[in-house]
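Below is one structure; the comments refer to it alone.
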């Protein structure tokens with residue numbers, strides 16, 4: 001929402017600020033939710049990869065299958 005601030009009175013300006021601050025809070029809450037979900041998914045990925053390794057799949061095989069480097073696999077397993 002783009003508003004010409006110079007043509008607004010103090011009440012309208014305060015209302016506009018309140019709306020923008022409210023939207024910032026909403027976006028922040030969504031970002032926090034996404035961060036939590038990403039961490040949960042990362043943990044699930046790590047556990048699945050560890051299970052494959054326990055079953056004998058090598059890090060190199062995982063890397064080829066996932067189209068990433070072996071170093072990327074190591075980082076995924078470590079995080």
Quick one: 45, 39, fewest Cβ neighbours within 10 Å first, how do they rank? 39, 45
Residue separation times 0.36 nm, minus the C-alpha to C-alpha distance between residue 33 and residue 12: what's the value? 4.4 nm
Express the relative contact order of the chain as a whole percentage, based on alpha carbon pairs under 8 Å and six or more residues apart in sequence. 20
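Every read-out reported here was derived from the displayed coordinates using simple, explicitly stated rules and does not represent laboratory data. Only a predicted model underlies this, so the values are computations on that prediction, with no experimental measurement involved. No Cβ is skipped: glycine too gets one built from the backbone with ideal geometry, and neighbour counts run over all protein chains shown.
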